[in-house]
């Protein structure tokens, strides 16, 4: 049963919520900070903030008018120094909890606001027009944003024209997800949802794509029109990603991660790049090493392979590809014998099955990239217990004002 309570915030939880200690256990209060006394409506372990009675010294004014409503950022109210210390602490705590050496932690790298080149919006057509934004936390309500300080200015400025495009084919009342990737050719837009536009609406959408200058529009995997070939660069190698492709969020942070990984693999003649995606690391590594790229997503792997073949003038060493679900069928220790180095960049769940095979292999150099400190720490512990030495762990914050954190670990 909900009740109004006065709470004192003890610390921030892993998701960025303030945590108040009570006789009944911890209560999580979003948008609060350690040391604050707040009034909130509590319902079990969750609470909704009503007011801040005594603000923390590190509390600042959020930069965005949609903060606390759009369901995106959770930490805009926290001063920069405190935010950075807390964010780095997430990784330090995760490593320490697994008994790993935290002295190898390197200075964290932080992205700037307005630098994210990939956005996944929610959209719905209503009587008042198309709403485009994000879904409010714990709700299906689409918040129609008027600004965003996370995405690039190019994507932010395109919101009205994206809505204009969506209006040509979205049926009323159906919420869809709209992935927007900024590419060198323009914005690549992929719409997914329970919709099936008629041919007349597809033609109207195609006309809008051409008129509004978008690179490509796909709806549930079907290309409606692609006036320009979307291209992204991995170093000096260009690749045309599939619709809605996963890309590292911030290009500048991707470059820094790639520099760390390629330097670590410099003496490796043969490298296995696991969970290779479209070639973020594989095609950079191919400057120096023969690479075998393994990925479960067929279109991503095809884009990587095509990118290798289309960039023959870049003097890349051989890149081979293999489609494989590494969670269900990891490369075995025996299959890894030919490789000097392994790079792996798995989803948030980590790569436990694959890591156990790496642990039993003769591979000498490993680079692990992760967006989840807890599963990264688990996977690193498996490797160190098998005899690998953890050389460095570098936090990479490309998810500004959120509890999500990338990291690169070298063994």
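The values are calculated or read from the model by the stated rules, or taken from the named source; none is laboratory data. Keep in mind that what you see is a predicted model, and the values were worked out from it rather than measured. Positions of Cβ are generated from backbone atoms using ideal geometry, with glycine treated the same way; all protein chains shown enter the neighbour counts.
Just to be sure, is residue 395 more than 25 Å from residue 287 (Cα to Cα), touching a residue at least 60 places away in the same chain (Cβ under 8 Å) and surrounded by fewer than 20 Cβ atoms within 10 Å (Cβ to Cβ)?
No: the conditions fail for residue 395.
Could you count how many residues in the stretch 304-320 are surrounded by fewer than 21 Cβ atoms within 10 Å (Cβ to Cβ) and under 18 Å from residue 280 (Cα atoms)?
11
Can you list residue pairs whose Cβ atoms sit under 6 Å apart, with the first residue in the stretch 282-295 being assigned by TED's automatic domain parsing to the domain that holds residue 332 and the second being surrounded by fewer than 23 Cβ atoms within 10 Å (Cβ to Cβ) and part of a strand (DSSP E or B)? Count only pairs 6 or more apart in sequence or on different chains.
Pairs found: 283/237; 290/270; 292/320; 293/321; 294/322.
Among (1) assigned by TED's automatic domain parsing to the domain that holds residue 372; (2) over 21 Å from the mean Cα position of the chain (by Cα); (3) crowded, with 19+ Cβ neighbours inside 10 Å, which single condition is residue 97 missing?
Single failed check for residue 97: (3).
Looking only at the stretch 24-68, filter to residues that are touching a residue at least 60 places away in the same chain (Cβ under 8 Å) and touching a strand residue (DSSP E or B) at 6+ places or on another chain (Cβ under 8 Å); which one of those is farthest from residue 134 (Cα to Cα)? Show your work before the answer.
Start the filter on the stretch 24-68 by keeping residues that are touching a residue at least 60 places away in the same chain (Cβ under 8 Å), which leaves 30, 63-66.
Remaining after also requiring touching a strand residue (DSSP E or B) at 6+ places or on another chain (Cβ under 8 Å): 30, 66.
Values: 30: 17, 66: 10 Å.
Looking at the filtered set, the residue picked out is 30.
Does residue 237 count as crowded, with 18+ Cβ neighbours inside 10 Å, closer than 22 Å to residue 295 by Cβ, modelled with pLDDT of 95 or more and over 19 Å from the mean Cα position of the chain (by Cα)?
Here the answer is yes, as residue 237 does meet what is asked.
Looking at the stretch 368-392, which of its residues are within 18 Å of the chain's Cα centre (by Cα) and within 22 Å of residue 285 (Cβ to Cβ)?
368, 369, 370, 371, 376, listed by residue number.
Out of curiosity, is residue 69 modelled with pLDDT under 95, over 20 Å from the mean Cα position of the chain (by Cα) and not assigned by TED's automatic domain parsing to the domain that holds residue 398?
The answer is yes for residue 69.
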